[in-house]
Amino acid sequence: MRSRSCCLILDPEAVRSGYHVHLADPRSPLRCWSLRTCNPEHRRASWTFSRSWNRRQGKIRCPNRPFPQLQRRNRAKRRDNLQSVPSDLTKDRARKPLTPGMTSVTTIRRATCRANGIRQFYLEAGAGPPIVLLHGFPETSFAWRFQIPALAPHYRVIAPDLRGYGETDKPPNGYDKRTMANDIVELLKTLGVGRVALIGHDRGARVATRLVKDHPDLVDRLVVMDNVPTRIVAREMTAKVAREYWFFMFHQIPDLPEALIAGREDIWLRHFFSDWCHDPMTISGEAFETYVKSYSAPGAVRGAMSDYRASAEDIAQDLEDAEQKIRRPVLSLWGEDFGAVGRLFDMKAVWSEMAETLSVAPIERCGHLPQEEQPEAVNKLLLDFLKGWNG
């Protein structure tokens, strides 16, 4: 049996507390993605070990495989967090409803179709008036795992992976928001869906905004989550704004992000998920592993970078109809604790410039991912806003 040498960092305090041993070999698949508990007092020792033998014996544990006492403590919480995830994304099949009064298990269908020249993947559940959920960065349709079971008892819910993300195709071009909006329009035509209620988060909100402006008759009402429109970010760009939006610039550099991120997708994603949430560990465990797997797929990082690299085209498109306000009811909700949105912009003023009929809802103790960090609050806001939508 092949063995491998690596350096272990032994933290006596962490071991006494029942936490895992940190692996210092950055190439190891067992490497620790968080260095919070590391300190200069750690003793170092070189061990040669067989990974499979040690896993069986319980000597060395993966960072996301806690010791038994933590495993027992977190099992119930993990079930709650991963409820109604498509079955192939998690081994945990138990799905406890989030919304009071929901008693049935939500059946989520995974499907693909060819629309607007690309193969598109989407999740679908429920029946009734159609609702479309468009995810943002750094996520996929998996981000809506808490909303689908809350909405599906009342509506037909469709949650696609955007062009370049998840299991949808990642072509070399077509990432301007008009083309990405047309992806969704053609997907709906293929599914035989007409008018919809549209919900978009982050990058998905940019696609949704372009869709409702280009195809107003297809949208009955619009929800935009934690998003400042691209042209307004560009217009208000200052040193302070640039510090918060550094990733806008970094992601637009040709090839460099892909080269630096390759093989380190977990480190890259861990930064965003921790920095962008009120609770830095909101996205952890199997949910975090699901995103790492998705963004480790061939072309996935380049697809996300291509979305950002279309910013110049997006701004030009936005400026063409900047004076045209959205004539459908709009709900703008955001996390109060996210530095690049709620703490930086007057969100009511921002979206009053965009929409004729506006409702706003800041969410306390929440960062950039309200649908994942405060799902119950988001679900209530969505259900209230969607009342009266009957297709």
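What accessible area per residue, rounded to a whole number of Å², is obtained for segment 217-277 using a probe radius of 1.4 Å?
Accessible area per residue: 44 Å².
Which of the pairs LYS177/LYS213; LYS213/LYS325; LYS170/LYS293; LYS177/LYS325; LYS325/LYS387; LYS325/LYS348 have their Cα atoms more than 20 Å apart in this structure?
LYS325/LYS387
Given a 1.4 angstrom probe, what's the average accessible area per residue across segment 152-213, in square angstrom?
26
Give the accessible area for LYS380 in Å² (nearest 10); use a 1.4 Å probe, count only protein heavy atoms, and leave out ligands, DNA and RNA.
Estimated to the nearest 10 Å², LYS380 gives 130 Å².
May I ask you to give the solvent-accessible area per residue for segment 296-351, in square angstrom, as obtained with a 1.4 angstrom probe?
43
Can you give the extra length, in nm with one decimal, that the chain gains between ASN173 and GLU289 once fully stretched, where that is 0.36 nm per residue apart less the Cα-Cα distance?
Taking ASN173 through GLU289 to full extension adds about 39.0 nm, to one decimal.
How high is the FRET efficiency from GLU353 to LEU256, r the C-beta distance, R0 35 Å, rounded to 0.05?
E between GLU353 and LEU256, to the nearest 0.05, is 0.55.
Using a simple spin-label model with points 7 Å from Cα along the Cα→Cβ vector, what separation in nm is obtained for GLU376 and THR112?
3.8
Using heavy-atom solvent-accessible surface (probe 1.4 Å) with all chains present, what is the largest-first order of ARG119, ARG221, ARG145?
I get ARG119, ARG221, ARG145, largest accessible area first.
For segment 234-361, with all protein chains present and a 1.4 Å probe, just round the carbon and sulfur fraction of the accessible area to a whole percent.
54
The values are calculated or read from the model by the stated rules, or taken from the named source; none is laboratory data. The model shown is predicted, which means the values in this text are computed figures rather than measured ones. A quick note on method: Cβ atoms are made from the backbone with ideal geometry, for glycine too, and the neighbour counts reach across all protein chains shown. Heads up: the accessible areas ignore ligands, DNA and RNA and are worked out on the full protein's heavy atoms, side chains in. Shrake-Rupley method; radii C 1.70, N 1.55, O 1.52, S 1.80 Å.
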